[in-house]
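Visitor: Quick one: the structure is below, questions incoming.
The values are calculated or read from the model by the stated rules, or taken from the named source; none is laboratory data. On a predicted model such as this, the values are computed, not experimentally measured, just so you know. Quick reminder, even Gly has a Cβ in these numbers, built from the backbone with ideal geometry, and neighbours come from all protein chains shown. Accessible surface areas use protein heavy atoms only, side chains included; no ligands, DNA or RNA. Shrake-Rupley method; radii C 1.70, N 1.55, O 1.52, S 1.80 Å.
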Amino acid sequence: MKILYDLPISSYGCKTRILLRHKNLQWQSIAPPDGYGSPAYCQIIPAGTIPALDHNGFKLCDSEAIAEYINEIVPTPAMLPVDAKDRATVRSLSRFHDSRIEPVLRAYFGQVAPANRDVGFIRDNAKLLQARFDQLIKMVTPAPFLCGNTLSLADCGFAPSFAILNRLQSLLGFSIKLEESLRAYEIALGNHPSVKDELHAYYTAFDRWIAAKLNA
């Protein structure tokens with residue numbers, strides 16, 4: 001039995017759920033008791049982070065570690081290439097997303113409530129985010145996915161990040177210009193059968209979170 005501790009609003013949870021869907025696995029999503037980081041949750045997952053996996057008593061945190069583990073124990077459909085250099089490229093792109101793009105997007109979360117908005121921060125963070133996407137397109141040309149014509153571990157995190165970007169640009173009044181192949185990649189990713197339903201659920205959860213912040 002696979003238990004996934006996560007929340008609908010978690011982008012890394014969405015990333016992991018896409019992976020599980022693509023592997024045709026069954027799992028049960030459970031919210032961390034008393035919230036992630038709570039003493040009760042840390043009794044289960046000492047790191048206190050989400051997502052976390054409990055696979056028949058084997059507990060693992062961090063979305064990248066979970067992705068690698070699931071890909072090894074359920075090898076088909078493969079989400080890492082056979083060639084060592086190609087595998088390294090997939091891992092590099094996935095980590096680029098998690099360490100260089102997602103944190104810049106997440107930095108906007110504190111700006112959602114109108115009372116907290118800082119025009120200068122929103123502008124400067126947009127410049128940094130634009131630079132990150134400009135770096136990405138120098139690293140890879142999607143065809144249609146980041147590393148070819150099949151979904152890989154590199155793709156899963158980008159789906160919720162595109163959702164966050166789309167919602168926050170209009171809300172906070174900044175604009176990121178994505179090169180045409182990245183726009184095509186976003187569309188192809190959103191239409192993938194393993195992504196489509198999960199992404200729709202993520203948009204719903206994120207919109208509810210925004211509404212709560214705006215009405216607080």
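Visitor: Exceeding 22 Å between C-alpha atoms, which entries from my cross-link table qualify? They are Lys23/Lys59; Lys177/Lys213; Lys2/Lys23.
Guide: In this structure, Lys177/Lys213 lie more than 22 Å apart at Cα.
Visitor: Once the piece of chain linking Leu60 and Asp118 is laid out straight, how much longer is it, given 0.36 nm per residue of separation minus the C-alpha distance between them?
Guide: Working: separation 58, 0.36 × 58 = 20.88 nm, distance 3.73 nm.
Roughly 17.1 nm would be gained on extension.
Visitor: Given labels modelled 7 Å from the Cα in the Cβ direction, how far is it in nm from Ala184 to Phe109?
Guide: 3.4 nm
Visitor: Each label point is 7 Å from the Cα along the Cα-to-Cβ direction; what then is the distance between the points at Thr141 and Ile30, in nm?
Guide: Distance between the two pseudo-spin positions: 4.8 nm.
Visitor: Quick one: among Gly48, Gly120, Gly13, which has the greatest mean-square fluctuation in a GNM of the chain with alpha-carbon springs under 10 angstrom?
Guide: Gly120
Visitor: Ok, one more. Quick one: accessible area per residue over segment 129-216, 1.4 Å probe, rounded to a whole number of Å²? Intermediate values should be presented prior to the final figure.
Guide: Values: 4040 Å² over 88 residues.
I get 46 Å² per residue for segment 129-216.
Visitor: Leaving out same-chain residues fewer than 8 places away, which aspartates and glutamates sit with a Cα under 19 Å from that of Lys138?
Guide: Leaving aside aspartates and glutamates fewer than 8 places away in the same chain, those within reach of Lys138 are Asp86, Asp98, Glu102, Asp155, Glu179, Glu180, Glu186.
Visitor: Moving to a separate point now. Tell me, what HN-Hα J-couplings in whole Hz come from the Karplus equation 6.51 cos²θ - 1.76 cosθ + 1.60 at θ = phi - 60° for each residue of segment 16-28, using x for Gly and Pro?
Guide: Couplings: 6, 5, 4, 4, 4, 4, 5, 8, 6, 9, 9, 8, 10 Hz.
Visitor: Also, I was wondering about something else. State the percent of C-alpha pairs, over all pairs in segment 1-73, separated by a distance greater than 16 angstrom. The partial results should precede the final answer.
Guide: Values: 1043 of 2628 pairs.
Pairs farther apart than 16 Å: 40 percent.
Visitor: Moving to a separate point now. Working from the alpha-carbon coordinates of the chain, get Rg over Rh, Rh being the Kirkwood radius. Display every interim value, and only then the final one.
Guide: Details: Rg = 17.3 Å, Rh = 18.0 Å.
We get a ratio of 0.96 for the chain.
Visitor: Tell me, what does the Kirkwood hydrodynamic radius of segment 111-190 come to in angstroms if you use every pair of distinct C-alpha atoms? Can you show the working numbers first?
Guide: On the way: mean 1/r = 0.0732 Å⁻¹.
Computed over Cα pairs of segment 111-190, the Kirkwood hydrodynamic radius comes out at 13.7 Å.
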